[in-house]
Amino acid sequence: MELQDIVFTDAHKDVREKARKIAIDLLLPNAAKHDKDESYNEAAMNESAKQKLLGTWIPKEFGGTGIGILGLALVVEEFSRCDPAFGVAFAVNALGSIPIIVGGTEEQKKRYLPKVASGEYACCFALSEKFAGSDAGGLSVRAEKEAGGWRIFGEKKWTTNGSRAHLITCFAVTDPKSRSRRISAFIVEKDDEGFSIKKVEDKMGIRAVPVNETLFDGVFVSDDRLIGGRPGLGFKHSMMTLDWARPGVAAQAVGTAAGALDLAVTYATRRKQFGQNISGFQMVQAMLADMASQTEAARWLVYQSAALADAGKPVTKIAAMAKCVATDTAVKVATDAVQVFGGYGFMEDYPVAKYYRDSKILQIYEGTNQIQRLVIARNLIKEASRIDYYASVIPVEEQKAFGGELVGGNC
């Protein structure tokens, strides 16, 4: 696997410090309230916009700061450490706008990206449907061509930030007969006639960010809102977007794990049983050591995937690895943190319960971890045809057991 130098510039350090201050001042004291009320932390998002954090992943020529995906990961990690739900609320703006960055026309980029960078436009990503979750190619929402544009019909499911978004990137079927160019991506605005919020989901976790059913009841969008300017590019754009966005999801997971670990260590050094702090017990120490080690390992896998994305190099496999490993880690660390808290961890009086609830969705959205493992394995299998260094150490007569000589490209 190709390695990329991970360089933290002054700009990276600056956005991380700004995010950390917002997290400590505005997220940590209010996370429980927003979770209970299912309310959005407007103050934190407004401050994020004021500090130009919403332009982190957007190129400078389109109103952003151009710091990139690594910068996005650093910001999301800090936010998620103090409130995983806000980490989602922030990162979904990247998910919703990256299709325009990777596939939009110059006019589309100039029209929409500055508004995302400034915080004027919040975003969402309308891909999943009731019968098309992991099977992103199985969409039923359709867009029909008519004079001057397209008319979109159907429902989307689990649209994170749907009820707050000004800009909706919607994926719809434009050519049902095609296999490779079946889907197209469109820019929908919240005030477009026919667009509405059908349902607000009642969720187990990330309760401070809305997740919705979104209805497209004959929504008309002009030709200039077809992403890329021509139909049939939607599946390609969705896969490119997820490759770039998965380091952000993985960063949510690292932040969630780090926050749960913080709570567990703090609690263990204060909770007394059998006349001493439970941090003195070797079984507890072993749990804390594993939690810390797994979080740190996941963190650097995230940074490597983000650095590769910023360098414009292939990231499909490593982004899937980062997403899979980091989100599995978040769930395990949050579960172990609850265990360290014992009976108190099961009570909503303590914040560790929220980390436990918030962590689970990370293994599901933006590609389940089962799908990530398939992506990783398929890439490994493709790469196997290029590995030839074993051929020199396996006798030719034994190579026949593998179906012939082991011949490949350069290792």
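All of the numbers you see were taken from the coordinates with simple rules; none came from a lab. For clarity, every value in this text was computed on a predicted model and none was experimentally measured. Virtual Cβ from ideal backbone geometry, glycine too; neighbours counted across all protein chains shown.
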Practice task
Identify which of the listed values of percent of Cα pairs over 36 Å apart was calculated from the structure shown: (1) 28; (2) 20; (3) 51.
Solution key: (1)
Exercise for the section: Starting from region 1-98, pick out the GluC sites (Glu not before Pro) whose DSSP state is loop and whose Cβ has at most 11 other Cβ atoms within 10 Å. Expected result: 2
Problem - Dimensionless Rg over Rh [region 154-270; C-alpha; Kirkwood] - result: 1.11
Exercise for the section: May I ask you to list, by number, the DSSP H helices of the chain whose Cα span along the axis is at least 15 Å and whose average Kyte-Doolittle hydropathy reaches 1.0 or more? Expected result: 69-82, 84-103
Problem - Two-site FRET efficiency, residue 277 against residue 297, from Cβ-Cβ distance with R₀ of 22 Å, rounded to 0.05 - result: 0.25
Fill in the blank from the handout: Taking Cα pairs closer than 8 Å and at least 6 residues apart, the relative contact order of region 10-122 in percent is 31 percent
Handout entry: Sparsely packed GluC sites (Glu not before Pro) within region 190-267, loop by DSSP, other Cβ within 10 Å at most 10
Key = 193
Exercise for the section: Taking only Cα atoms and a 10 Å spring cutoff, compute GNM fluctuations for the chain and point out the largest among 269, 335, 256. Expected result: 269
Problem - Residue among 112, 344, 121 with the largest mean-square fluctuation in a Gaussian network model of the chain, springs linking Cα atoms under 10 Å - result: 344
Practice task
Choose one answer from 146, 383, 107: the residue with the largest mean-square fluctuation in a GNM of the chain with alpha-carbon springs under 10 Å.
Solution key: 383
Completion exercise
Surpassing 23 Å at the alpha-carbon level, of the pairs 272/360; 203/360; 52/313; 236/382, are 272/360; 52/313
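Quick one: order 158, 57 by neighbouring beta-carbon count within 10 Å, fewest to most. All intermediate terms of the calculation are to be shown ahead of the outcome.
Working: 158 20, 57 31.
Ascending Cβ contact count within 10 Å gives the list 158, 57.
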Handout entry: Cut-off of 10 Å, at most 12 other beta carbons, DSSP loop: longest stretch of the chain lacking such trypsin sites (Lys or Arg not before Pro)
Key = 1-129
Handout entry: Contact order normalised by residue count of the chain, Cα under 8 Å, 6+ apart, percent
Key = 16 percent
Practice task
Would you calculate, for the chain, the mean residue ellipticity at 222 nm contributed by helices, counting each DSSP H stretch of 4 or more residues as -39,500 (n - 2.57) and dividing by all residues, to the nearest 500?
Solution key: -15500 deg cm²/dmol
Fill in the blank from the handout: Expressed to two decimals, region 10-122 has a Cα Rg over Rh, using the Kirkwood radius, of 0.98
